[in-house]
Amino acid sequence: MAEVPEVEIITRDLRHAAVGRRFAGAEVLVPAVVRFPSPPDFIEALKGRQVTAANRRAKFILLALDDGTTLALHFMLFGELALRPKGSERPSSTLVVLELEGGEELQFTDSLGYARIALAPSAELAARLKLDELGPEALGEGFTPAVLGRQLRRRKSPLKTVLLNQRVVAGLGNRDADESLWQAGIDPRRLASSLTADEVVRLDRAIQAVLDEGLRMRGTQRDLFGVQGQAKHRRNVFGRAGAPCPRCATPVSHQRIGGRNTYWCSSCQPLASAPEVPAQSSLL
């Protein structure tokens, strides 16, 4: 699953492998993957452009080009990007191929076909993708307990739902939200505004620890060069409904909150007196 650590790893890889190089061409194998412009215009506009920078905003990879445009890639759930020699065998899940000068190509793949790519002048792309509306980056240097507390203070929705709102915390995904709440010992059904100052500090530290672990282990997917990351997709509670909690052996609970599968330990993450979110039917 592509969450912030996985996207950040690929972004860092691209800084070494793509910045300073030019695109020699592109192939769009699945037209619907290109959000804008049209696939023919996308191919024409990309050819000959040099990559000047590689950055990440939330789960978007942003490649700045030498003509003032930006190429944006979003993996959605299971998208991947791989650097391979030109002419290499392409997986059946290949969506777009970006050819680099020097005999290599970037293969953009997704087994579900949900991943997307876009190209436009930088200001236009930011507006169309609403990048300026995103909240503070959890991995950003300025992300502190004070910032997190301010983002949560006025939110009357369940904490899990609020943490996945990109306008509140940019890029924190479903897996890492559950793992962070488990580490902090906070029930995901709590109202975001109900957290005490001490709980906000615990949650901030847990978010940083979970993301840092993911980065140290280089994520759960293959990196740009095909090396498998060592982080586990199913760690302490995420995706482990009914399994024993690693801390107390209580069976891990599961419920859909805000339409997302959510996992927690009812013993380590007590609900206390906070109102409980009504259960929703779901499939694991």
Taking a crude spin-label model, label points 7 Å out from Cα along the C-beta direction, the Ala197 to Arg21 distance in nm is 5.1
Once you have the Cα-Cα distance between Arg90 and Arg256, take 0.36 nm times their residue separation minus that, and quote the gain in nm to one decimal. 56.1 nm
Applying the Karplus parametrisation 6.51 cos²θ - 1.76 cosθ + 1.60 with θ = phi - 60° to the phi angles of the range 25-31, what ³J(HN,Hα) value in whole Hz is obtained for each residue in order, glycine and proline being reported as x? x, 7, 10, 9, 8, 10, x
Theoretical gain in end-to-end length, Val30 to Arg234 [0.36 nm per residue, Cα-Cα removed]: 70.4 nm
Rounded, prolate or oblate for the range 4-133? Axes are the square roots of the Cα gyration tensor eigenvalues, ordered a ≥ b ≥ c, and the cut-off for rounded is a/c under 1.5. rounded
Can you give the FRET efficiency to the nearest 0.05 for Glu213 and Cys248, using r as the Cβ-Cβ distance and R₀ = 25 Å? 0.75
Given Cβ charges of +1 for Lys and Arg and -1 for Asp and Glu, the option among Gln151, Tyr114, Ala45 whose Cα lies farthest towards the positive end of the dipole of the chain is Gln151
When the Cα centres of the range 193-239 and the range 1-73 are compared, how far apart do they sit, in Å? 25
Helix-derived [θ] at 222 nm for the chain: sum -39500 (n - 2.57) over DSSP H runs of at least 4, divide by residue count, nearest 500? -8000 deg cm²/dmol
Can you tell me the 0 to 90 degree angle between the C-alpha axis of helix 197-216 and the longest principal axis of the chain, rounded to 10? 40
Build a GNM of the chain with springs between Cα atoms under 10 Å: which of Gly87, Gly185, Gly20 gets the top mean-square fluctuation? Gly87
Please build a GNM for the chain, connecting alpha carbons under 10 Å apart, and tell me which residue among Thr262, Thr52, Thr109 fluctuates the most. Thr52
Added length on full extension, which subtracts the Cα-Cα distance from 0.36 nm per residue, Ser38 to Ala146: 34.6 nm
Karplus ³J(HN,Hα) for the range 122-137 (6.51 cos²θ - 1.76 cosθ + 1.60, θ = phi - 60°; Hz, whole; x = Gly/Pro) runs 3, 5, 5, 4, 4, 5, 5, 8, 6, 5, 6, 8, 6, x, x, 6
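Each reported figure results from applying straightforward, stated rules to the coordinates on display, with no laboratory input. The shown structure was predicted, so the numbers you read here are calculated from the model rather than taken from an experiment. No Cβ is skipped: glycine too gets one built from the backbone with ideal geometry, and neighbour counts run over all protein chains shown.
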